[in-house]
Amino acid sequence: MTGVWVPPVLSPAVIDLIDHALAQRGRTRTGEPELFRRWSISTVARVPTDRGGPVWFKAVPPAFAHEGRLAGWVAAAKPEHAAAVVAHGDGWLISDDVGAGRSAANAEYEPHGHPLEAAARIQRVSIGRTGELVRLGCPERGPAQFHEELAALAERSDLLAGEQADALSRVLPWLSERLSALWADGMPSVLVHGDIQEDNAQWTGRSWALIDWTDAVVTHPFAELARPLMNATAAQKNLAVESFVRVWAEIVPRSMVERSMHAAPLVGAAHQVVNYFRIVDGIGGGDGLHELLTEWLRRMLLECSQLPPAFTGRRK
């Protein structure tokens, strides 16, 4: 582990930072910040203001220090699917609340569709803009990066049991070959949120907005499916996949979409393994983070084991 990050408390210094950032935008705090969550990955607080409703303050570890810049990019590129960023700095951001309409007694506020449609539309607007995103601090993860990261994980006896490391080492040559073939098929690398679940998708009354961009990377678009499908029911999976695929089928051949769907469980699991490897290595494995690393590794290895022998990397 490279270091241990301690999430900040709502100290006078933190509150002063919030007040100064709001004042720079002509806004004033009207009450005490309310701590929403403080755990391994972040400190989050709701802050009442004099205009525009409440805002959310978030502090994150150094590995995610770019989140404010990235969230601001998303808000500029696809404002209907993002929270407006009020202010940000290295390791913190303040954003507007986007979910205020959820409790309104009006049918237009009843959520419909699936957040994956918003994710796919954000992905599409990021096509060809990898350089911008990388300059903001967003990691890029293609086949070479996957191989490098997974090979490094296989050497970590402090994070993996011996049989887990051995299994990962055995499948890595085939996995790298498969990921290279997937990228060669022509789907562009795009901005992938990586953690679309209930807490990170808010209904605005008109569309879904995605928040919490700490796990975001530039990678294969269909890696996005892994997290929302992780514990979904059959009906939820159908809605999620249909919403996501429909957006991509508008601009790429259906055959390419189908091949990407076939590879989605593998590339999605690999993406989650690498994400949690970096999180656990950077801030520790508490709060269930190490368990998520090993669970996604189990799923990735299972995907590898279900492939026909001719495609397991043992060809002669």
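The values are calculated or read from the model by the stated rules, or taken from the named source; none is laboratory data. Quantities reported herein were computed from a predicted structural model and do not represent experimental measurements. Here Cβ is always computed from backbone atoms with ideal geometry, including for glycine, and neighbour counts include all displayed protein chains. Please note that ligands, DNA and RNA were not included when accessible areas were found on the heavy atoms of the full protein model with its side chains. Shrake-Rupley method; radii C 1.70, N 1.55, O 1.52, S 1.80 Å.
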Relative packing of 170-179, 187-196, 126-135, which averages over residues the other C-beta atoms within 10 Å, highest first: 187-196, 170-179, 126-135
Amide H contacts under 5 Å for Glu140, placed H, 5+ residues apart: Val218
At least 27 Å along the helix axis (C-alpha) and Kyte average at least -1.0, DSSP helices within the chain: 162-184, 254-283
Amide H within-cut-off set for Ala87, under 5 Å, with H built and near neighbours excluded: Ile94
Shape call, region 152-226: gyration tensor on alpha carbons, a/c limit 1.5: oblate
Cα shape, region 161-316, gyration tensor, a/c 1.5 rule: oblate
Fraction of accessible area attributable to carbon and sulfur, region 138-198 (%, probe 1.4 Å): 49
Per residue value of the accessible surface for the chain (all protein chains in place, 1.4 Å probe), Å²: 46
Interchain or long-range residues, amide H under 5 Å from Phe36's placed H: Val44, Ala45, Arg46
222 nm mean residue ellipticity, helices alone, for the chain (DSSP H n ≥ 4; -39,500 (n - 2.57); rounded to 500): -15000 deg cm²/dmol
Highest-first arrangement of 70-82, 35-47, where packing means the average Cβ count within 10 Å: 70-82, 35-47
